[in-house]
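Visitor: Before I ask anything, let me first share the structure, which is written out below as structure tokens.
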Amino acid sequence: MRTQKNIKAFEQIYNETYNDVLKFVICKCSNLDDVDDIIQETYLEFYKILQSEKEILDKKSYIITIAKNKIIKNYKMNGTNNNISLFQEKNEEEYIVDIDARDWFRSKFYNKI
């Protein structure tokens with residue numbers, strides 16, 4: 001019975017925080033392929049903490065903090081920086097948007113709104 005209550009609470013929190021957490025992770029990741037993994041790991045860790053019945057006052061901030069730590073850990077392990085670059089430099093005056101990244105970004109946000 002407690003598990004069902006935890007699942008319902010998790011689903012509600014997930015639905016309330018997903019868009020903000022996704023925006024945060026996208027802004028901090030230099031590789032858009034890492035975003036889904038980091039989001040998944042973040043919410044998995046949060047679910048485990050939720051099951052321990054630890055008192056969390058501001059759940060959104062707590063989840064974003066978990067995501068921040070996951071991003072830091074991911075980039076320390078891979079030895080890369082964590083600055084996002086959706087633009088590719090073509091020459092000194094002209095920039096091109098990566099079409100695949102833009103479409104992926106749109107599909108993630110517009111499907112959730």
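Visitor: Quick one: which residue in I7, I26 is among the aliphatic types (A, V, I, L, M) and without any contact (Cβ under 8 Å) to a residue 60 or more places away in the chain?
Guide: Numbers: I26 fails: without any contact (Cβ under 8 Å) to a residue 60 or more places away in the chain.
Going through I7, I26 in turn, the sole match is I7.
Visitor: Looking at the range 33-43, which of its residues are closer than 19 Å to N15 by Cβ and open to solvent by 30 Å² or more (accessible area, probe 1.4 Å)?
Guide: D36, Q40, E41
Visitor: Mind listing just one residue for me: the one in the range 44-55 that is out of contact with any helix residue (DSSP H, G or I) (no Cβ under 6 Å at 6 or more places or on another chain) and in a helix (DSSP H, G or I) and, of those, surrounded by the fewest Cβ atoms within 10 Å (Cβ to Cβ)?
Guide: Here the answer is K48.
Visitor: Okay, moving on. Of the residues that make up the range 56-68, is at least one open to solvent by less than 90 Å² (accessible area, probe 1.4 Å) and acidic (D, E)?
Guide: yes
Visitor: State whether one or more residues within the range 17-27 are closer than 14 Å to K73 by Cα and either assigned to a helix (DSSP H, G or I) or among the acidic types (D, E) (or both). Steps first, answer last, please.
Guide: Taking the range 17-27 first, the residues closer than 14 Å to K73 by Cα are 25.
Right, trim to either assigned to a helix (DSSP H, G or I) or among the acidic types (D, E) (or both) and you get 25.
So far as the range 17-27 goes, yes, one or more of its residues are closer than 14 Å to K73 by Cα and either assigned to a helix (DSSP H, G or I) or among the acidic types (D, E) (or both).
The values are calculated or read from the model by the stated rules, or taken from the named source; none is laboratory data. For clarity, every value in this text was computed on a predicted model and none was experimentally measured. Neighbour counts are summed over all protein chains in view; Cβ atoms, including those assigned to glycine, are modelled from backbone coordinates with ideal geometry. Protein only, heavy atoms only, side chains kept; ligands, DNA and RNA dropped before computing areas. Shrake-Rupley method; radii C 1.70, N 1.55, O 1.52, S 1.80 Å.
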